[in-house]
Amino acid sequence: MRESTPGPIQLIWTQPPPPPRQRALGREEIVAAAIALADEAGLGAMTMKAIAVRLGDYSPMALYRYVHNKEGLVDLMLDAATAEIPLPARPGGDWRSDLYGLAMDSRRMTHRHPWYAQLVHTRPPAGPHMMRRLEFMLTVLTGEGATVAAAMTYAALVDRHILGSGLQEAEEARLDRRYGLDDTAKLVAAIRALHGLAVADGGVPHLAGWLAQPTGFTADEQFALGLDFLLDGIARRLAKPAEE
């Protein structure tokens, strides 16, 4: 895939508009094909040649006319995925419910597109849907008395929780597939082996006891718990605006 030349960051949003459609080919079709390929086979499989093959009888160079380069395609993919997150026209009146709902919808999007958490911090968040999502969060928080600077920090913390969790879970899923741990019998065997190591160590009794009968929250429950902790902390800050 063609890399951009060194220098100032080039954004697809500042480039000339794409050329007229060529047969059934347009920017939307290219982005949709790239997203589908990344969803199915991961970022490693997402080459311009593979995208062109998926679209039909086109050359990779034909696709570059619409997205300019690799970074341009990534910009478009990230913004298209962000557009899947439902965004209310205005805050609903309960700031905590507004942010909680947005975070959960964002998490569901990252589950549909595991590559999103890998790519989102590689490009400036300048896409129109990405900016409108952030603007909604800022509107919610400043409506409760936060300064814009504080609201930016709180929004960033919420997004780090969403994206960090998404990245960790995607990596864990890859690990599970690599070692067959998505099979219950193999997972049980792996835990049994860890339990044996913990017992033999002799210095980790709590861990050894847990490994003997592992229980706990699901990934979704852990995410919700962490989000509640974050919102609790933000609530305390909002109650003391002078300290922001």
*Which is surrounded by 16 or more Cβ atoms within 10 Å (Cβ to Cβ), at negative phi, at pLDDT below 95 and not basic (K, R), of G166, G196?*
G166
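Condition check ((1) of a type in the set (V, I, T); (2) closer than 20 Å to G226 by Cβ; (3) in contact with a Pro (Cβ under 6 Å, 6 or more places away or on another chain)) across all residues:
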| site | (1), (2), (3) |
| --- | --- |
| L102 | no, yes, no |
| R107 | no, yes, no |
| R112 | no, no, no |
| R123 | no, no, no |
| L138 | no, no, no |
| G145 | no, no, yes |
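Scan segment 48-63 and tell me whether some residue there is part of a helix (DSSP H, G or I), in contact with a strand residue (DSSP E or B) (Cβ under 9 Å, 6 or more places away or on another chain), at pLDDT below 95 and among the aromatic types (F, W, Y).
The answer is no, given that none of the residues of segment 48-63 is part of a helix (DSSP H, G or I), in contact with a strand residue (DSSP E or B) (Cβ under 9 Å, 6 or more places away or on another chain), at pLDDT below 95 and among the aromatic types (F, W, Y).
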*Is one or more of the residues making up segment 26-34 in contact with a helix residue (DSSP H, G or I) (Cβ under 7 Å, 6 or more places away or on another chain), under 28 Å from L175 (Cβ atoms) and exposed (fewer than 15 other Cβ atoms within 10 Å of the Cβ)?*
no
*Quick one: in segment 69-99, which of the residues that are part of a helix (DSSP H, G or I) and surrounded by fewer than 17 Cβ atoms within 10 Å (Cβ to Cβ) is modelled with the lowest pLDDT?*
K70
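So which of Y154, Y116, Y66 is open to solvent by less than 60 Å² (accessible area, probe 1.4 Å), assigned to a helix (DSSP H, G or I) and either touching a Ser or Thr at 6+ places or on another chain (Cβ under 9 Å) or closer than 24 Å to E172 by Cα (or both)? Show your work before the answer.
Details: Y154 fails: either touching a Ser or Thr at 6+ places or on another chain (Cβ under 9 Å) or closer than 24 Å to E172 by Cα (or both); Y66 fails: either touching a Ser or Thr at 6+ places or on another chain (Cβ under 9 Å) or closer than 24 Å to E172 by Cα (or both).
Going through Y154, Y116, Y66 in turn, the sole match is Y116.
Select from segment 169-193 the residues that are touching a helix residue (DSSP H, G or I) at 6+ places or on another chain (Cβ under 7 Å) and open to solvent by less than 70 Å² (accessible area, probe 1.4 Å) and list them in ascending order. Break it down into steps so the answer makes sense when it comes.
Taking segment 169-193 as the starting set, the residues that turn out to be touching a helix residue (DSSP H, G or I) at 6+ places or on another chain (Cβ under 7 Å) are 169-170, 180-182, 191.
Matches in segment 169-193: E169, A170, G180, L181, I191.
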*What single numbered condition from (1) surrounded by 19 or more Cβ atoms within 10 Å (Cβ to Cβ); (2) in contact (Cβ under 8 Å) with a residue 12 or more places away in the chain fails to hold for A52?*
(2)
*How do the pairs read when you match residues in segment 9-22 that are in a loop (DSSP other than H, G, I, E, B) with residues anywhere that are at pLDDT 85 or above and open to solvent by 90 Å² or more (accessible area, probe 1.4 Å), using Cβ under 7 Å and keeping only pairs 6 or more apart or on different chains?*
P19/R65
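The values are calculated or read from the model by the stated rules, or taken from the named source; none is laboratory data. None of these values were measured; they are calculated from a predicted model. Glycine gets a Cβ as well: all are built from the backbone with ideal geometry, and neighbour counts include every protein chain shown. Surface areas here come from the heavy atoms of the whole protein model, side chains and all, with no ligands, DNA or RNA. Shrake-Rupley method; radii C 1.70, N 1.55, O 1.52, S 1.80 Å.
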